[in-house]
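Peer 1: Could you have a look at this structure, given as structure tokens, before my questions?
Since every read-out is calculated from the coordinates, none of them should be taken as a lab result. This one's a predicted model, so the numbers in the text were calculated from it and none came from an experiment. Note: ideal-geometry Cβ built from the backbone for every residue, glycine included; neighbour counts use all protein chains shown.
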Amino acid sequence: MRIRDCADSGVLVEVGDLDEALALQAALAEEPPPGVSEIVPAARTVLLRVRPGEGSAEAVAAAVRRLRPHPGRRPSADEVRIPVSYGGADLAEVARLTGLDERGVVAAHTTATWTVAFCGFAPGFGYLVGDDPRLHVPRRPEARVRVPAGAVALAGEFSGVYPRSSPGGWQLIGRTDTVVWDLDRDPPGLLRPGTRVRFVEA
């Protein structure tokens, strides 16, 4: 674990891999250091924002060093259910890559427990990690110029829901009408770090 100052009010913790980042995020959620206003996880880092005048980067770094994250721990938050119409453009290719048939891919995707590890790429895009390694598939060799909003996809160890129309290189297996980013909602993002997700077949 490597701890760095970030700008004038933050601490960036670098770890070895995603599992370590998730375990650290879970430990910080249980024991947030005094003065921390926000915890922002990523694939191999966790950023802690410190409220000016309420804490110091040095004290936060010391508190992080005292933590003992448990391997395999995941941050916990609310659970959401997302109905999916399976039949995406890459479902057959995902079946080929996984050695499952198309119904097997759907069954695996809907029975897995997914957790939002972190957000990025676009507002509302959550990187979901699951507990079924059979669904680990590579990105497409070439990205699409346009992926529609609501597309449900796989890439690497992640699943995700495209919050808006955008380019993308993930394998599309279905779509949902669930709105994952809505500026009129508080908070706007449905899929926040730690949120558990259950995909259900529509």
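Peer 1: Pull up all non-local amide H partners of residue 151: gap of 5 or more, or a different chain, and H-to-H distance under 5 Å with H placed in the peptide plane.
Peer 2: For residue 151, the qualifying residues are 162, 176.
Peer 1: Which residues' amide hydrogens lie under 5 Å from the amide hydrogen of residue 127, considering only partners 5 or more residues apart or on another chain, with H built in the peptide plane?
Peer 2: Those lying under 5 Å, H to H, from residue 127 are 117, 118, 119, 120.
Peer 1: Counting Lys and Arg as +1 and Asp and Glu as -1, what is the net charge of the other residues whose Cβ lies under 13 Å from the Cβ of residue 141? Intermediate values should be presented prior to the final figure.
Peer 2: Values: positive: 139, 140, 144; negative: 90, 93, 142.
Result for the neighbourhood of residue 141: 0.
Peer 1: Related question: Helix-only estimate, please: 222 nm mean residue ellipticity of the chain, summing -39500 (n - 2.57) across DSSP H runs of length 4 or more and dividing by its residues, to the nearest 500.
Peer 2: Numbers: 4 runs with 41 residues, N = 202.
Mean residue ellipticity, 222 nm, calculated: -6000 deg cm²/dmol.
Peer 1: Shifting gears a bit: Pairs of Cα atoms under 8 Å, at least six residues apart: use those to get the relative contact order of region 103-202, whole percent.
Peer 2: Values: 213 pairs, mean separation 32.5, N = 100.
For region 103-202, the relative contact order is 33 percent.
Peer 1: If you don't mind, another one. Find the eigenvalues of the gyration tensor of the Cα atoms of region 2-66, then list the square roots of 5 times those eigenvalues as equivalent ellipsoid semi-axes, largest first, in whole angstrom. Numbers along the way, then the final one.
Peer 2: Details: eigenvalues 66, 28, 19 Å².
They are 18, 12, 10 Å, listed from largest to smallest.
Peer 1: Something else: From the phi of every residue in region 30-43, what ³J(HN,Hα) in whole Hz does the Karplus formula 6.51 cos²θ - 1.76 cosθ + 1.60 yield, where θ is phi - 60° and glycine or proline is x?
Peer 2: 7, 10, x, x, x, x, 7, 9, 7, 10, 10, x, 9, 5
Peer 1: Suppose a student asked you for the relative contact order of region 2-66, using Cα pairs under 8 Å spaced at least 6 residues apart; what percent would you report? Intermediate results must be reported in sequence, preceding the final value.
Peer 2: Working: 102 pairs, mean separation 23.2, N = 65.
Over region 2-66, the number comes to 36 percent.
Peer 1: Along the charge dipole of the chain, pointing to its positive end and built from +1/-1 on Cβ of Lys, Arg, Asp and Glu, which listed residue (92, 62, 181) has its Cα farthest out?
Peer 2: 92
Peer 1: Find, to one decimal place in angstroms, the Kirkwood hydrodynamic radius of the chain, where the mean of 1/r is taken over every pair of different Cα atoms and then inverted. Don't skip to the end; give the middle numbers.
Peer 2: On the way: mean 1/r = 0.0562 Å⁻¹.
Kirkwood hydrodynamic radius for the chain: 17.8 Å.
Peer 1: Something else now. Of the beta bridges DSSP finds with both residues in the chain, what % are antiparallel, to the nearest 5?
Peer 2: 85 percent
Peer 1: Give the peptides 120-128, 2-10 in descending order of average Cβ contacts within 10 Å, highest first. Don't skip to the end; give the middle numbers.
Peer 2: On the way: 120-128: 19.0, 2-10: 13.7.
Packing proxy ranking, top to bottom: 120-128, 2-10.
Peer 1: Only Lys, Arg, Asp and Glu count, each charged at its Cβ (+1, +1, -1, -1), so figure out the dipole size of region 19-68 about its Cα centre, rounded to 20 debye. Show your work: numbers first, answer last.
Peer 2: Values: 6 positive and 7 negative charges, 22 e Å.
Value, rounded to 20: 100 debye.
Peer 1: Moving on to the next point. Compute, for region 70-150, the length of the dipole vector about the Cα centre, with Cβ point charges of +1 (Lys, Arg) and -1 (Asp, Glu) only. Units Debye, rounded to 20. Intermediate results must be reported in sequence, preceding the final value.
Peer 2: Values: 10 positive and 9 negative charges, 35 e Å.
Charge dipole of region 70-150: 180 debye, to the nearest 20.
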